[in-house]
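Colleague: Quick one: this structure, given as structure tokens, is what I'll be asking you about.
Here, each number is a calculation from the coordinates, and none is a lab measurement. From a predicted model like this one, the values you see are computed outputs, not experimental measurements. No Cβ is skipped: glycine too gets one built from the backbone with ideal geometry, and neighbour counts run over all protein chains shown.
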Amino acid sequence: MSWIDVLSKIVEVFPPSDAYRFDETPPLVAPRPAENFVVVKPSNSEEVSAILKFANEKSIPVFTRGGGTGLSGGAVPTEEGIVLSTEKMTELEVDADNRVAICGAGVTLKQLDDAAFRHGLSFPPHPGAETATVGGMIATNAGGVRALKYGTMRNYVLSLEAVLADGRIINAGGKTIKNSSGYSLLHLLVGSEGTLAVITKATIRLFPQTRDMTLLAIPFPTMEDAMNCVVEVARKMLPMALEFMEKRAVEIGERVSGERWVSREGEAHLLMVFESFDEAEEAAKIAQSLGAIDVYAATTKKDQDRLLKVRGMIYEGLRKEVIEVLDACVPPAKIAEYWRRSNELAEEYGIELITYGHAGDGNVHQHPLVYEGWEKSYFEFRKSLLSLAVSLGGVISGEHGIGAVKLSELEELFPEQFELMRQIKLLFDPKNILNPGKVVRKL
């Protein structure tokens with residue numbers, strides 16, 4: 001009797017399909033999926049426990065999958081084994097008095113948003129696509145455009161239920177914001193990308209509902225002018241979002257969205273979103289004092305949606321042309337230097353590089369476009385680019401994670417940390433069954 005036959009006595013087993021073979025990682029850098037694997041869809045932690053206990057005894061790899069919206073190959077089954085989908089773990093309860101939501105790992109961002117809204121609350125960071133799942137967002141410590149004011153996923157996880165590789169179920173944290181009760185296993189699991197445990201349930205912090213927004217669109221003559229404005233605005237207030245786009249990115253967003261940005265002049269463009277009109281007014285004055293070409297205020301939802309669509313559609317306009325989506329993070333005051341030096345580096349390699357991102361928190365999204373013979377020189381370029389980010393006080397991934405695509409750079413640029421991560425992995429998962437080959441090399 002095969003291990004699949006034995007597994008089918010524990011849980012219903014589904015055959016492999018493309019729906020579980022890939023995530024959103026661009027195909028040119030995505031890890032190659034295994035041909036043979038099975039899919040299981042447990043409904044709760046007890047079923048997950050039984051699956052992992054069996055897999056651990058038989059040394060069968062397990063790849064946990066949420067919404068499949070990741071960009072680093074983290075959910076791709078790269079070996080023959082088990083894809084554990086969290087899609088049936090959709091329990092969702094809002095405790096309005098304590099301002100928390102208790103969510104199964106398979107609850108989507110939209111479901112969480114809608115449930116919070118029905119109880120007069122909100123989940124303000126919006127750190128992913130609406131089909132992204134709570135478990136997946138926690139596993140990658142997802143960020144998003146509102147991280148400057150509202151933080152990343154880590155700031156909202158108050159407790160976790162998770163299943164260890166040997167099937168043990170653990171609970172870390174509670175419904176409290178404060179917790180100084182020993183080592184924080186909770187925060188060790190946040191961002192662990194399915195390599196240390198399978199997250200099955202989480203208690204998520206909720207906030208009061210956000211206020212009416214005011215949006216500013218501001219073109220600047222140079223990237224340095226724009227980033228000087230970013231630094232000065234963030235010194236005095238915290239916008240809900242503080243985005244930047246180079247001119248080429250704006251043009252792509254316009255083309256795909258069918259909408260017109262406020263101006264085609266200037267090297268760099270900022271998009272700021274405020275919950276306070278007074279703050280928006282003060283930010284406008286700061287921008288004007290620092291050389292803004294224009295300051296456009298959008299106060300109606302229709303006008304705001306039009307401008308947000310331009311920013312939001314940039315990647316769609318490049319999806320078929322990109323090698324990958326890079327997401328290095330540098331100190332905000334270093335963005336202009338990083339942008340210029342990365343363009344110089346790209347020019348040396350003959351690469352066209354489109355840049356935009358989250359100016360307020362320094363998370364820079366860059367799209368190197370496909371060129372002839374890219375396989376021969378691209379990865380050397382990427383290493384140099386990520387090394388540049390680190391040299392400026394940054395990190396190689398701000399929100400997409402390491403997964404399978406940035407493992408080499410993590411090992412080379414942070415060797416001491418990498419070795420500690422390997423040791424932690426060995427402690428949690430000595431047989432290396434949980435998402436093997438992701439984040440750290442196979443032991």
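Colleague: For region 255-367, restrict the atom set to alpha-carbon positions and state the Rg and Dmax in Å.
Modeller: 15.4, 46
Colleague: Something else: Could you give me the ³J(HN,Hα) list for region 57-72, computed from phi with Karplus coefficients 6.51, -1.76, 1.60 and θ = phi - 60°, whole Hz, x at Gly and Pro?
Modeller: 5, 9, 6, 9, x, 10, 10, 7, 10, x, x, x, 9, x, 10, 10
Colleague: Net charge near ALA116: determine it from the other residues with C-beta under 12 Å of the C-beta of ALA116, scoring Lys and Arg +1 and Asp and Glu -1.
Modeller: With Lys, Arg at +1 and Asp, Glu at -1, the neighbours total 0.
Colleague: Cα-based Rg of the chain per 2.2 N^0.38 Å, rounded to two decimals?
Modeller: Against the empirical 2.2 N^0.38 Å value, I get 0.99 for the chain.
Colleague: Using R₀ = 41 Å, calculate the FRET efficiency as 1/(1 + (r/R₀)^6) where r is the Cβ-Cβ separation of GLU130 and GLU80; round to 0.05. Each step should come with its number before you reach the end.
Modeller: Numbers: r = 32 Å, r/R0 = 0.79.
It comes to 0.80.
Colleague: Based solely on its DSSP helices, what 222 nm [θ] is calculated for the chain when runs of n ≥ 4 H residues each add -39,500 (n - 2.57) and the sum is averaged over all residues, nearest 500 deg cm²/dmol?
Modeller: -10500 deg cm²/dmol
Colleague: Oh, and also: Please compute the length gained on full extension between SER263 and SER387, using 0.36 nm multiplied by the number of residues separating them and subtracting their Cα-Cα distance. Numbers along the way, then the final one.
Modeller: Values: separation 124, 0.36 × 124 = 44.64 nm, distance 3.40 nm.
Working it through step by step, the gained length comes to 41.2 nm.
Colleague: Determine by what factor the alpha-carbon radius of gyration of region 3-87 differs from 2.2 N^0.38 Å, reporting the quotient.
Modeller: 1.05
Colleague: Each residue of region 277-291 in turn: what ³J(HN,Hα) in whole Hz from Karplus with 6.51, -1.76, 1.60 and θ = phi - 60°, glycine and Pro shown as x?
Modeller: 5, 4, 5, 4, 5, 5, 5, 4, 5, 4, 4, 5, 6, 9, x
Colleague: If eta is 1.567 mPa s and T is 4 °C, what Stokes-Einstein diffusion coefficient results for region 169-244, Kirkwood Rh from Cα pairs, in µm²/s? If you can, show how the numbers build up before the last one.
Modeller: Details: Rh = 16.9 Å.
For these conditions, the coefficient is 76 µm²/s.
Colleague: FRET efficiency for ALA96 and GLU419, Cβ-Cβ distance as r, R0 = 51 Å, nearest 0.05?
Modeller: Efficiency computed from Cβ-Cβ geometry: 0.70.
Colleague: Now for a separate question. Normalise the Cα radius of gyration of region 94-142 by 2.2 N^0.38 Å (N = residues in it) and let me know the number.
Modeller: Region 94-142 yields a ratio of 1.06.
Colleague: Students often check this: by mean Cβ neighbours within 10 Å, which of 304-316, 75-87 ranks highest, and how do the rest follow?
Modeller: Values: 304-316: 18.8, 75-87: 23.3.
Ranked from most to least packed, the peptides come out as 75-87, 304-316.
Colleague: Convex hull volume of the Cα atoms in region 396-443, per residue, in Å³? Walk me through the intermediate numbers first.
Modeller: Details: hull volume 3.5 nm³, N = 48.
Taking only Cα atoms, region 396-443 has a hull volume of 72 Å³ per residue.
Colleague: Could you please report the charge total around VAL163, scoring K, R as +1 and D, E as -1 over all other residues with beta-carbon less than 12 angstrom from its beta-carbon? Numbers along the way, then the final one.
Modeller: Working: positive: LYS53, ARG168, LYS201; negative: GLU46, GLU47, GLU161, ASP166, ASP429.
That sum, taken over residues with Cβ under 12 Å, equals -2.
Colleague: Taking a temperature of 20 °C and a viscosity of 1.002 mPa s, what whole-number D in µm²/s does Stokes-Einstein yield for region 321-401 with Rh from Kirkwood over alpha carbon pairs?
Modeller: Roughly 172 µm²/s, to the nearest whole number.
Colleague: A follow-up question, please. Over region 52-156, how many percent of alpha carbon pairs lie in each 5 Å bin up to the one with the longest distance?
Modeller: Here the calculated profile for region 52-156 is 2, 12, 20, 22, 18, 11, 7, 5, 2, 0.
Colleague: Could you compute the net charge surrounding GLY136? Neighbours are other residues with a C-beta less than 10 Å from the C-beta of GLY136; K and R count +1, D and E count -1.
Modeller: Combined, the nearby Lys, Arg, Asp and Glu give -1.
Colleague: Per q in 0.32 Å⁻¹, report the Debye log10 I(q)/I(0) for region 161-203, using one uniform scatterer on each alpha carbon and no solvent.
Modeller: Rounded to two decimals, the profile gives -1.30.
Colleague: Another question about this same structure. Taking a virtual spin label 7 Å from the Cα of ASP166 along the C-beta vector, which residues in region 38-56 bring their backbone nitrogen under 17 Å of it?
Modeller: 49-56
Colleague: Okay, moving on. Relative contact order (percent) for the chain, with alpha-carbon contacts under 8 angstrom and 6 or more residues of separation? Provide the component values of the computation, followed by the final result.
Modeller: Values: 974 pairs, mean separation 73.7, N = 443.
Relative contact order of the chain: 17 percent.
Colleague: Dividing the convex hull volume of the alpha carbon atoms of region 92-208 by its residue count, what do you get in Å³ per residue? Present the calculation step by step, with values, prior to reporting the outcome.
Modeller: Details: hull volume 11.3 nm³, N = 117.
Dividing the Cα hull volume of region 92-208 by its residues yields 96 Å³.
Colleague: What is the diffusion coefficient of region 214-316 in µm²/s, taking the Kirkwood radius over Cα pairs and the Stokes-Einstein relation at 10 °C with a viscosity of 1.306 mPa s?
Modeller: 119
Colleague: What's the FRET efficiency of THR299 with PHE117 using the Cβ-Cβ distance as r and R₀ = 22 Å, to the nearest 0.05? Present the calculation step by step, with values, prior to reporting the outcome.
Modeller: Numbers: r = 22 Å, r/R0 = 1.00.
The calculated FRET efficiency here is 0.50.
Colleague: Pick from ALA50, ALA96, ALA30: which residue has the top mean-square fluctuation in a GNM of the chain where Cα pairs under 10 Å get a spring?
Modeller: ALA96
Colleague: Give the span of region 291-433's Cα atoms along each principal axis, as three whole-Å numbers ordered largest to smallest.
Modeller: For region 291-433, the Cα extents along the three principal axes come out at 55, 36, 31 Å.
Colleague: Top mean-square fluctuation among PRO26, PRO415, PRO16, Gaussian network model of the chain, C-alpha springs under 10 Å?
Modeller: Per the Cα network of the chain with a 10 Å cutoff, PRO415 tops the list.
Colleague: Calculate the dipole size of region 214-316 relative to its Cα centre from +1 charges on Lys and Arg beta carbons and -1 charges on Asp and Glu beta carbons; express the result in debye to the nearest 20.
Modeller: It comes to approximately 280 debye.
Colleague: For region 394-411 and region 54-121, write down the distance between their C-alpha centroids in whole Å.
Modeller: If you average the Cα positions of each part, the centres end up 22 Å apart.
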